[in-house]
Amino acid sequence: MSSKSQLTYTARASKHPNPLVKKLFEIAEAKKTNVTVSADVSTTKELLELADRLGPHIAVIKTHIDILSDFSEETTNGLKALAAKHNFLIFEDRKFIDIGNTVQKQYHGGVLRISEWAHIINCSVLPGEGIVEALAQTAAAADFPYGSERGLLILAEMTSKGSLATGQYTTSSVDYARKYKNFVMGFVSTRSLGEIESAVSSASDEEDFVVFTTGVNLSSKGDKLGQQYQTPESAIGRGADFIIAGRGIYAAADPVEAAKRYQKEAWEAYLARVQG
Ligand code: 5BU
């Protein structure tokens, strides 16, 4: 596990050069939550209701905006208003994976205009370094009316059975994160990756990447389509700074109660980790 995992979010916020990461750690500490809810519902009404009800218990809402059947500006205006009301960040799980010229258009333009409302995006590095450079350029050049901070998580590993995001792919994820560390906040991965030797440079004392771990569920081990789950405690124990839970929360009989349970378990696991 990286040495930073033993530090509190407050300590990490105070030293972090990236304003978005600083804000994320401050939110976590202020609300005592390191939960990201993956709000994979299919209508704007469901999404906004969920965001409003779960808002007090989450640090980040993760969307798949293209699975909504009725996406419009109402969706993103609603999300932005709720992010401000409840003090959480918005992470669009778009998983960009294409040549630089295309991802710039997908990020900044099109019908979804992701750059205007998502604080956090993610990409695969399968296309090579250019994808990270292209997204970083777009974020730096744009003048965002809604908050100025933007960050990228590199999809370094996946939770699905037989995932090919391993070995050299994961090592290269760390290389590019180190090379573009002003824009890359960290990773979506199943563990801390700070110890990975990289071709670009080795881990430095200041390096502090944030780890988001998906595939978290308290009552299931997986689904019929290859998803594999671990518990909040296990994810945090392996180095996750933020857990991501979808169906475990939004499909529960009482999503607010479920969110509180994940919040409590993940926060206690974090406290145990920083108290050593
Ligand atoms: P679930 O309902 O908790 O299984 O949802 C998991 C969410 O995280 C869902 O939105 C996936 O698209 C997303 N995900 C994942 O499950 N595994 C991964 O490796 C990555 C994302 Br990256």
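The values are calculated or read from the model by the stated rules, or taken from the named source; none is laboratory data. Everything numeric here is computed off the predicted structure, so don't read it as measured data. In case anyone asks, the SASA skips ligands and DNA or RNA and just uses the protein heavy atoms, side chains included. Shrake-Rupley method; radii C 1.70, N 1.55, O 1.52, S 1.80 Å.
For this structure, a couple of remarks:
- Distant-in-sequence amide H partners of residue 198 (H built 1.01 Å from N, under 5 Å): 203
- What segment 128-276 shows is 46 Å² of accessible area per residue, with the surface traced by a 1.4 Å probe over protein heavy atoms.
- Rg and Dmax [Cα atoms of segment 1-71; Å; Rg one decimal, Dmax integer]: 14.9, 44
- With every protein chain in place and a 1.4 angstrom probe, the accessible-area ranking of 209, 71, largest first, reads 71, 209.
- With the convex hull of its Cα atoms as the shape, segment 1-130 has an orientation-averaged projected area of 8.9 nm².
- For segment 60-120, the fraction of alpha-carbon pairs in successive 10 Å shells from zero, as %: 21, 55, 21, 2
- The H on the amide N of residue 38, modeled in the peptide plane, is under 5 Å from the matching H of 62, 245, 246, each at least 5 residues off or on a different chain.
- When the surface is traced with a 1.4 Å probe over the full set of protein chains, residue 53 keeps roughly 130 Å² accessible.
- Long-range amide H partners of residue 230 with built H, under 5 Å: 216, 217
- Remark: segment 240-256, residue by residue, has Karplus-estimated 3J(HN,Hα) of 5, 8, 9, 8, 10, 10, x, 4, x, 9, 6, 9, 6, 4, 10, x, 5 Hz, where x stands for each Gly or Pro and the curve is 6.51 cos²θ - 1.76 cosθ + 1.60 at θ = phi - 60°.
- Most to least accessible of 270, 169 (protein chains only, probe 1.4 Å): 169, 270
- Kirkwood Rh (inverse of mean 1/r, distinct Cα pairs), segment 3-274, angstrom: 18.5 Å
- Beta bridges per DSSP with both ends in the chain, % antiparallel, nearest 5: 5 percent
- Accessible area of the chain belonging to carbon and sulfur atoms, whole % at 1.4 Å probe: 52 percent
- Working note: Karplus 6.51/-1.76/1.60 with θ = phi - 60° gives segment 149-164 the couplings 7, 9, x, 10, 10, 8, 6, 8, 8, 10, 8, 6, 4, x, 3, 9 Hz, where Gly and Pro are set to x.
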